[in-house]
Amino acid sequence: EEPHEIEGLLAPGGEYLLREEAPPDGYAWEEEIRFRVSEDGTVDAVVMEDRPTRAEFTKYEISGERELPGARLCLTDGGGAVLERWVSSAQAHVIEGALKAGQTYCLREEAPPDGYWPAEDVFFTVPADGSTVRVAMRDRPTRVFVEKHALEKDGHTDAGLLPGARLRIRDAGGRIRAEWVSGRTPHCLE
């Protein structure tokens, strides 16, 4: 909270280096500062300023660059402890001044948006220099092929695809998710 004073230790006109051994949590390392002690007895001030760490998290569809909202995500530390949870939206999620410079973290998807497979964990290291780390996670859309088959009169032999059947898929809440009429080729749900 207060400046650190050094009195009677440094030689007038002497040149010195101020080096940060470890920044506070949430801040990047600052480069060392070279300074000279004045010879006329005036009070010298040496100011070192640390930048806060900054991480931007984006969630995309595997083939796009547009944000994919609705994914439940979390950030964990090296030991697996959850540091923060959020739901992806149309904008990047930003964490500033909280992550340790030089430390490795994991972005994990706890639940993907409807219609997508969960992504693999993404590991990243916060830059020591204070530059923004951009972490992107990508989801593949689910893809299901549905076929309507006819059975022969014996009830056991597959007679091939049966066109003309009206089919509907509902979710657990009863909401209609897809409707179509079967054809001579499998129907793809993406």
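Here the gap between Leu18 and Val94, fully extended at 0.36 nm per residue and compared with their Cα-Cα distance, gives a gain of 24.2 nm.
Dipole of segment 1-109 computed with +1 at Lys/Arg Cβ and -1 at Asp/Glu Cβ about the Cα centre; of Val46, Ala98, Pro24, farthest Cα towards the positive end is Ala98. Given axes a ≥ b ≥ c from the Cα gyration tensor, I'd like to know whether segment 74-114 is rounded (a/c under 1.5), prolate (a/b larger than b/c) or oblate. Oblate shape, in that a/c is at least 1.5 and b/c is the bigger or equal ratio. Can you tell which of Arg51, Arg170, Arg72 shows the greatest fluctuation in a Gaussian network model of the chain with Cα springs below 10 Å? Most flexible of the set in this elastic network: Arg170. For Lys59, the lysines whose Cα falls under 30 Å of its own Cα, not counting residues fewer than eight places away in the same chain, are Lys100. Going through [x] 37, 37, 27; [y] 108, 28, 26; [z] 46, 36, 31, the figure that equals Cα extents along the principal axes in Å as computed for the structure here is [y]. Between Ala119, Ala111, Ala22, the residue with the greatest mean-square fluctuation in the GNM of the chain (Cα pairs under 10 Å linked by springs) is Ala22.
Each reported figure results from applying straightforward, stated rules to the coordinates on display, with no laboratory input. Remember, predicted model here, so these are calculated numbers, not experimental data. Heads up, the Cβs are rebuilt from the backbone with ideal geometry, glycines too, and the neighbour counts pull from every protein chain shown.
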